[in-house]
Amino acid sequence: LRGQRVWNGQPGGGFTADLLTTRLTVAASTRLVGHALVQYNSLDKTISSNFRIAYTYRPGSDIFLVFNEERGDGVDLWARGDRAALFKFTWLWRF
């Protein structure tokens, strides 16, 4: 768990933003790893999350499955925002 406070002073007024971040990595084996990142932004009143599963099926060649979600609209912290699911496949070709 990591917290950060950012203060920005401007001639017309400033703002303060608090960022609270937590990360988790779980390795089921040397070839299968899961990562999670969850972040709260007090300035925008949003929660962002990123979940990634990485599988190395041979050295230099990987499969990634990624889920991203953002919640919060400035009023309701749990209001549904953007969502994305991505699949990435890499192949190392040796010649």
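The values are calculated or read from the model by the stated rules, or taken from the named source; none is laboratory data. Predicted model, so just to flag it, every value in this text is computed and none were measured. With ideal geometry, Cβ positions are generated from the backbone for all residues, glycine too; neighbour counts draw on all protein chains shown. For the accessible areas, the whole protein counts, side chains as well, though only heavy atoms, and no ligand, DNA or RNA atoms are used. Shrake-Rupley method; radii C 1.70, N 1.55, O 1.52, S 1.80 Å.
Quick look at the numbers
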{"quantity": "Subset of segment 17-67 that is charged (D, E, K, R) and open to solvent by 70 Å² or more (accessible area, probe 1.4 Å) - its residue that is farthest from the chain's Cα centre (by Cα)", "calculated": "R58"}
{"quantity": "Selection count where residues are more than 26 Å from D76 (Cβ to Cβ) and among the polar types (S, T, N, Q), scope segment 9-42", "calculated": "4"}
{"quantity": "Hits in segment 76-95 (condition: open to solvent by less than 100 Å² (accessible area, probe 1.4 Å) and within 19 Å of I47 (Cα to Cα))", "calculated": "D76, L77, A79, G81, A84, A85"}
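Conditions (1) assigned to a loop (DSSP other than H, G, I, E, B); (2) of a type in the set (V, I, T); (3) in contact with a strand residue (DSSP E or B) (Cβ under 9 Å, 6 or more places away or on another chain); (4) under 30 Å from L92 (Cα atoms), marked per residue:
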position: A36; (1), (2), (3), (4): no, no, yes, yes
position: Q39; (1), (2), (3), (4): no, no, yes, no
position: I47; (1), (2), (3), (4): no, yes, yes, no
position: N50; (1), (2), (3), (4): no, no, yes, yes
position: I63; (1), (2), (3), (4): no, yes, yes, yes
position: F67; (1), (2), (3), (4): no, no, yes, yes
position: E70; (1), (2), (3), (4): no, no, yes, no
